[in-house]
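Structure, as structure tokens:
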Amino acid sequence: MSHGRHVTMLTEGTYPHVHGGVSTWCDQLVRGMPEVDFNVIALTGSGREPVTWELPRNVYRHTAFPLWGPLPPRSRRSVLRGRAHRRFTQVYESFLLSLLDPEPDPARHSFSEALRELAVLARAGKLAPALRSESVLRLLMAVWTRPGLVTADAAPTIHDALTATDLLEHALRPLSVRIPPDSVAHAVSSGLATLPALAAKYLDGVPFLLTEHGIYLRERYLGYRSAAQRWPVKALMLGFYRELNTEGYRQADLITPCNQYNRRWEERGGAESERIRTVYNGVDPHAFPEAGPEPDVPTLSWCGRIDPIKDLETLIRAYAFMREELPALRLRLFGPVPAGCEEYKLRLEKLAAELGVTDGITYEGRIDQVATAYAAGSVVMLSSISEGFPFSIIEAMSCGRTTVSTDVGGVREAVGDTGLVVPPREPETMARATLALLRDDRRRAELGRLSRKRVVEKFTLHQSVDGFRHIYRELAGQPVLPVHAGDEWTQRLADPWYRELAADGSLW
């Protein structure tokens with residue numbers, strides 16, 4: 001890459017600590033460009049998660065950044081006082097209002113302005129301790145009950161304030177992550193992974209590339225539907241993710257969705273269309289060759305991680321419906337159970353027992369030769385409630401297997417007319433579509449042939465990696481110029497507050 005630039009890849013809960021679709025994509029990208037040096041910064045839970053991928057030589061550094069680990073000693077000693085604390089209180093009030101006020105006052109700080117100033121504090125090691133002060137709790141209670149806000153009548157409690165402040169403090173920690181100023185920052189999802197990239201763009205002018213697979217904001221809304229927190233906490237956190245999502249869309253130099261579905265979300269979320277380039281995920285047709293004959297016993301194959309977002313309840317219910325007409329039918333589930341999803345697997349096993357189909361379902365775990373998972377099925381299934389451009393579908397297609405999938409994310413774009421697409425969370429509809437395929441050998445074989453042809457023509461690994469190679473080169477050629485240079489931030493940096501924060505050299 002020109003100008004001495006390299007790539008800082010920012011991940012959240014995925015590569016290189018977890019296997020799955022996004023992690024597979026990250027590994028493909030890194031290995032596909034041996035000429036590019038990668039610095040991988042992974043946002044994780046505790047920071048002690050094992051590395052489950054073998055990192056290639058061009059990953060010159062890997063850092064696990066814990067969202068829930070203890071504060072570093074320097075942060076625990078950093079306390080704001082006097083003028084600096086009053087300034088922080090003003091900024092934080094603006095920040096809270098930007099999350100909760102549906103009709104913001106243009107005269108006050110926006111989320112973007114407030115986040116820039118919080119990034120300055122985070123870089124100086126002073127944000128986390130500031131958020132743990134008693135005055136912050138009192139401020140949040142006052143903002144929550146302000147007339148006209150969505151939380152005003154919800155009777156928030158001190159416990160709510162403690163919960164919300166703790167969640168925000170941990171969520172904002174990535175603002176303190178330092179990215180080398182001579183790199184391209186590549187966040188491989190929206191959300192928290194964009195925070196280090198935003199801070200580096202605000203303060204150092206680092207080019208910012210944003211890739212989306214699943215729709216991060218939609219998945220946060222789905223997750224908070226069943227979360228235990230009370231409404232004031234949910235309103236605040238969903239407001240935070242909404243505004244952060246929009247800020248990432250607005251600040252990214254380029255956005256690379258993996259399908260047109262994501263592109264529409266991004267445009268509605270504030271991204272300018274000229275900064276969006278769709279780059280489809282790809283597979284190596286040689287690594288996923290034609291699978292050959294189907295199994296002797298009619299079998300449904302599924303491949304992924306055992307996770308609620310995959311909605312395996314719907315798949316098991318659909319399977320139970322099919323078993324009534326095809327008693328010999330089997331369901332084989334390939335993939336790991338990630339940490340935290342053990343209880344979900346128990347729920348699935350209990351559901352299968354209640355439906356009387358336990359004898360036909362096998363959990364195969366993670367396998368090294370993934371292509372064998374697709375070969376194991378007559379039809380490959382996908383029942384997710386949220387997806388980007390799922391590898392399990394295009395990998396199965398490359399193996400010459402037809403699919404029955406839920407109509408989420410870029411699934412319909414991937415499948416085209418080579419498989420069947422059904423609404424999510426409708427087990428009977430999924431079952432009837434699958435039975436139609438299982439009863440028609442000729443149609444199943446023809447759709448499988450067309451599936452592989454579609455992958456070879458449109459969704460190869462070479463096409464995907466080469467698209468990012470050109471994008472990296474383009475962004476690497478941009479001049480290194482801090483965003484604030486020459487504008488109101490130049491004057492703002494002369495403020496005594498900033499001079500105090502920068503006194504120990506930690507800011508720049």
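The values are calculated or read from the model by the stated rules, or taken from the named source; none is laboratory data. Every value quoted in this text rests on a predicted model; they were computed, and no experiment measured them. Cβ placement follows ideal geometry from the backbone for every residue including glycine, while neighbour counts extend to all protein chains displayed. These area figures cover heavy atoms from the full protein model, side chains too; ligands, DNA and RNA do not enter into them. Shrake-Rupley method; radii C 1.70, N 1.55, O 1.52, S 1.80 Å.
Highest mean first, how do 54-66, 394-406, 331-343, 302-314 rank when packing is the count of other Cβ atoms within 10 Å averaged over residues?
Ranked from most to least packed, the peptides come out as 394-406, 302-314, 331-343, 54-66.
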So for region 359-443, using the alpha carbon gyration tensor with a ≥ b ≥ c as root eigenvalues (a/c under 1.5 gives rounded; past that, a/b versus b/c decides prolate or oblate), I'd call it rounded
Taking 0.36 nm per residue of sequence separation and subtracting the Cα-Cα distance, how much length would be gained by fully extending the chain between H462 and D166, in nm to one decimal?
102.2 nm
Per-peptide average of other Cβ atoms within 10 Å, ordering 209-222, 27-40 highest first
209-222, 27-40
With every protein chain left in place and a probe of 1.4 Å, what is the accessible surface of Y280, to the nearest 10 Å²?
70 Å²
Assuming R0 = 51 Å, can you tell me the calculated FRET efficiency for the pair R473 and R83, based on Cβ-Cβ distance, to the nearest 0.05?
0.65
At R0 = 35 Å the Cβ-Cβ FRET efficiency linking R443 and E267, nearest 0.05, sits at 0.40
Paramagnetic reach from E349 in region 286-312 [backbone N under 17 Å; point 7 Å along Cα→Cβ]:
306-308, 312
Ranked highest first by average number of other Cβ atoms within 10 Å, how do 348-354, 429-435 line up?
429-435, 348-354
On the principal axes of its Cα set, how long, how wide and how thick is the chain? Give whole Å, largest value first.
76, 56, 38
My understanding is that a pair violates if its Cα-Cα distance is over 22 Å; which of K234/K350; K310/K345; K201/K234 do that in this structure?
K234/K350; K201/K234
Would you list L420, L355, L168 from the most to the least accessible area, probe 1.4 Å?
L355, L420, L168
Calculate the spin-label point distance for E325 paired with S226, positioning each point 7 Å from the Cα along the beta-carbon direction, and give it in nanometres.
2.9 nm
Cα extents of region 256-375 along the principal axes, largest first, in whole Å, come to 53, 34, 31
Quick one: grab the alpha carbon gyration tensor of region 229-299, order the square roots of its eigenvalues as a ≥ b ≥ c, and give me rounded if a/c is under 1.5, else prolate or oblate depending on whether a/b is larger than b/c.
oblate
Using only the Cα atoms of region 149-287, what semi-axes does the equivalent ellipsoid have when each is the square root of 5 times a gyration tensor eigenvalue? Give whole Å, largest first.
30, 19, 14
Cα gyration tensor of region 293-351, axes a ≥ b ≥ c as square roots of the eigenvalues: rounded (a/c below 1.5), prolate (a/b > b/c) or oblate?
oblate
For Y60 and D296, FRET efficiency with R0 = 56 Å and r from the beta-carbon atoms, rounded to 0.05?
0.70
